[in-house]
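Everything below concerns the one structure shown next.
Bear in mind that the values in this text are calculations on the coordinates, not laboratory data. Predicted model, so just to flag it, every value in this text is computed and none were measured. So basically every Cβ, Gly included, is an ideal-geometry build from the backbone, and we count neighbours across all protein chains shown.
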Amino acid sequence: MSNIKPTLVILAAGMGSRYGGLKQLDTFTPEGATIIDYSIYDALQAGFGKFVFIIRKSFEKEFKELFNKKLAGKAKIEYVYQEIDSVPKAYQNPERKKPWGTGHALLMAKDVVNENFAIINADDFYGKEAFITMANYLKQTDKESYNFSMIAYYLKNTVSDYGYVSRGECQINENNYLTDVTERTHIEKNNNKLFCKDDKGNLVQIEGNTIVSMNFWGFTPKCFEFGETLFNKFLEANKENLKAEFYIPSVVNEILISGKATVKVLKSNAKWFGVTYKEDKKIVQNEIEKLINNKIYPTKLW
């Protein structure tokens with residue numbers, strides 16, 4: 001068991017286009033707590049010792065004002081920036097509107113992360129148990145190894161009633177290791193059934209008990225080696241495509257194909273909730289209120 005505390009990397013550079021605003025900084029309780037506040041609170045209790053925020057320069061000031069004082073004296077804190085031009089000059093395109101996706105964001109953290117770490121989305125509420133499970137696993141993992149991990153959720157616990165979502169569909173072997181992950185960028189609920197778009201854009205039914213990734217991955221610093229090579233290949237292949245995004249599951253799949261690394265699937269029965277659409281906000285507020293009423297969280301976190 002390592003006595004080096006793992007780091008939590010938080011993906012917070014998104015624009016929230018379907019939500020209609022910066023959902024990372026939106027508040028969900030009368031006391032003004034963001035979803036990130038709950039993730040940090042859970043992670044601190046689970047034993048994470050450092051927090052790395054991947055953000056954009058345009059909202060740096062608001063982020064620092066919110067989180068620096070909350071974490072002062074409790075943990076180390078770093079900010080790194082994911083911008084559209086955080087790529088080699090040859091691939092910069094003035095017409096591009098969004099950064100290059102979660103896989104690109106992951107690579108932005110490589111200069112400040114030297115220990116085992118988990119990476120999460122800023123706008124997903126993962127649940128206390130997920131952080132404890134991940135922290136324990138990371139503490140037992142040799143940082144020179146290629147033993148990676150992920151927290152898995154059941155698809156039916158992770159969809160929105162208000163529109164489509166994207167999820168990583170996972171294939172798992174009998175020893176609970178990941179064998180494949182497919183980024184499904186469009187999953188929707190219809191008459192209590194779930195459908196996803198296949199490669200041709202047709203809607204096909206998908207089981208509610210499908211195991212999915214919610215971008216809660218556990219890595220050693222070795223993952224950066226894979227990511228960089230892969231991202232350069234991706235940029236070369238997609239330089240004309242203004243909307244192409246490089247996702248963490250692409251990095252993970254490359255890791256699996258190489259046979260050099262493993263990804264242990266840590267199951268979670270936690271009820272995930274999050275905000276993709278403005279209408280999701282009410283649900284999240286109600287869920288958090290229930291957790292506070294059940295004394296899982298204090299009314300005021302900090």
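Overview of values
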quantity	calculated
As computed over the stretch 71-111, the Cα convex hull volume per residue (Å³)	94 Å³
The stretch 1-159, relative contact order in percent, only Cα pairs under 8 angstrom and at least six apart counted	36 percent
Sequence of Phe219, Phe117, Phe273 once ranked by neighbouring C-beta atoms within 10 Å, starting from the fewest	Phe273, Phe117, Phe219
Order by protection proxy (mean Cβ within 10 Å, highest first), peptides 22-29, 89-96	22-29, 89-96
Fully extended contour minus Cα-Cα distance, from Asn3 to Glu83, at 0.36 nm per residue	25.4 nm
Sequence ranges 3-13, 241-251, ranked by mean other-Cβ count within 10 angstrom, highest first	3-13, 241-251
Hull volume in cubic angstrom per residue (convex hull over the Cα atoms of the chain)	139 Å³
Extension reserve of the Thr262-Asn232 stretch, reckoned as 0.36 nm per residue once the Cα distance is removed	8.5 nm
Under the Karplus curve 6.51 cos²θ - 1.76 cosθ + 1.60, θ = phi - 60°, whole-Hz ³J(HN,Hα) for the stretch 139-156, x wherever Gly or Pro sits	5, 8, 9, 5, 6, 8, 8, 10, 9, 9, 7, 8, 8, 9, 10, 7, 3, 4
Long-range amide H partners of His186 with built H, under 5 Å	Arg167, Lys197
